[in-house]
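These notes are about the structure you will find just below.
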Amino acid sequence: MSRDVVLLSIESSCDETAAAVVKNGREVLSNVIYSQIALHTEFGGVVPEIASRKHIEKINQVIEQALSDAGMTLADLDGIAVTYGPGLVGALLVGVSEAKAISFATGLPLIGIHHIEGHISANYIENKDLEPPFVCLVASGGHSHLVVVKDYGEYEIIGRTRDDAAGEAFDKVARAIGLGYPGGPKVDKLSKEGNPDAISFPRAKVDENEYDFSFSGLKSAVLNYLNACQMKGEEVNRADVAASFQKAVIDVLVEHSMHAVKEFGYDKFAIAGGVASNSSLRKAFEERCAAEGIQFYHPSPIYCTDNAAMIGAAGYYEYVKGVRSGYDLNAVPGLKLGER
């Protein structure tokens, strides 16, 4: 497309109210995120009703700030991109309703975006040379997907979690060793003080699909270890538990991903999602990819957690393909990647 395309993008799938203005899918003119972590911390996780109510309170402010930061008005835009699934249905509905209202009032095209497609597309923002095809690992609190990105907007999921997602396992183990919510960053930080080889935790393999993940057994092994220590009156070294658990997760993510890259014959690999901001995971992938001659891509941490810039990046490629959503666009909490 010869002319610039500027999109307002909205993300409200969980507990971040976010809006951004993105040009041509790769240039972020503004990126505003209102995080609700402090609200949900006392409950040990996201409370859907609280999340929805706070989205309603904040979404207009966040959009106004995004437009102001970009130095633009609604009249300067070419379209509205919004996450419509998967996620918490009440939270999604706030963003979808807002996007439809703006589209109706202005006549701007509406583009519904898959949340995981947004995470994958976050890699395009800072890696201007990255183009499909490549393999991407999407690891977050709700998802552990191994995806072949065949083209913009064209995906094949080759591996997924059979039970707990990687981020979910981090949160549950963090709670078990008394770190609280959110678990991922706290486990990552504490792990730096521990010995990752102190405790032998299992690395699960799924017989039916070599690319699938399973972290429920690992989570149970950590809980059993903690219970056994308590019954024997032994002191628990939380740093060693955190480091050993984290290494078990990383080993599985790295092995599955590298196997997929080689089997499918690609030389490019990317990571995305909240777990992709884990410093030990990034280091492990950097070392492995360097050793095997694979180009490694990853977003900055700000684009790993839920944000609207990634939705704007994905929205651009849908926009240029002519994809448009009607005013019957609805929140789809269980939306599968590749569905519309």
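Derivation of every value follows stated rules applied to the coordinates shown; laboratory data play no part. Computed from a prediction, not measured in an experiment: that's the story for all the values here. All Cβ positions, even for glycine, are placed from backbone atoms using ideal geometry, and neighbour counts span all protein chains on display.
Considering only the other residues whose Cβ falls under 12 Å of the Cβ of residue 220, what net charge follows from Lys and Arg at +1 and Asp and Glu at -1?
Numbers: positive: 172, 219; negative: 163, 164.
Neighbourhood net charge equals 0.
Cα-based values for the stretch 220-338, radius of gyration first and Dmax second, are 19.9, 64 Å.
Checking the a/c ratio against 1.5 first, then a/b against b/c, what shape does the Cα gyration tensor give for the stretch 1-138? Since a/c reaches 1.5 but b/c is at least a/b, the shape of the stretch 1-138 is classed as oblate.
Dipole of the chain computed with +1 at Lys/Arg Cβ and -1 at Asp/Glu Cβ about the Cα centre; of 85, 121, 183, farthest Cα towards the positive end is 183. In straight-distance terms, cross-link reach from residue 186 covers every one of the aspartates and glutamates whose alpha-carbon lies under 13 Å from its own, apart from those fewer than eight places away in the same chain; here that gives 171.
Placing unit charges on each Cβ (+1 for Lys and Arg, -1 for Asp and Glu) gives the stretch 132-300 a dipole about its Cα centre, and among 239, 198, 133 the Cα reaching farthest toward its positive end belongs to 239.
Please state the charge dipole magnitude for the chain, taken about the Cα centre, from unit charges on C-beta atoms (+1 on K and R, -1 on D and E), reported in debye and rounded to the nearest 20. Could you put the intermediate results ahead of the total?
Details: 31 positive and 45 negative charges, 55 e Å.
Charge dipole, the chain, about its Cα centre: 260 debye, nearest 20.
Could you grab the relative contact order for the stretch 132-300? Cα pairs under 8 Å, six or more apart, rounded to a whole percent. Intermediate results must be reported in sequence, preceding the final value.
Details: 315 pairs, mean separation 45.1, N = 169.
Answer for the stretch 132-300 is 27 percent.
The alpha carbon centroids of the stretch 1-23 and the stretch 191-248 are separated by 39 Å.
Of all DSSP-defined beta bridges confined to the chain, some 60% are antiparallel rather than parallel. Here the Karplus relation 6.51 cos²θ - 1.76 cosθ + 1.60, evaluated at θ = phi - 60°, turns the backbone of the stretch 74-89 into coupling constants of 4, 5, 8, 8, 10, x, 10, 10, 8, 5, 10, x, x, x, 7, 4 Hz, with x for every Gly and Pro. Within the same chain, lysines fewer than 8 places from residue 268 are excluded, and of the rest, those with a Cα less than 18 Å from its Cα are 128, 150, 283. Summing charges over neighbours of residue 262, with a neighbour being any other residue whose Cβ is under 13 Å away from its Cβ, gives -3 when K and R count +1 and D and E count -1. Under 29 Å of direct C-alpha separation, and excluding same-chain neighbours fewer than eight residues apart, residue 100 reaches these lysines: 23, 54, 58, 321, 336. Net charge dipole, the stretch 232-317: roughly 120 debye, given to the nearest 20, about the Cα centre with Cβ charges of +1 for Lys and Arg and -1 for Asp and Glu.
On the basis of the beta-carbon distance and an R0 of 30 Å, residue 263 and residue 128 show a calculated FRET efficiency of 0.60.
Highest GNM mean-square fluctuation among 134, 104, 269, for the chain modelled with Cα contacts below 10 Å: 104.
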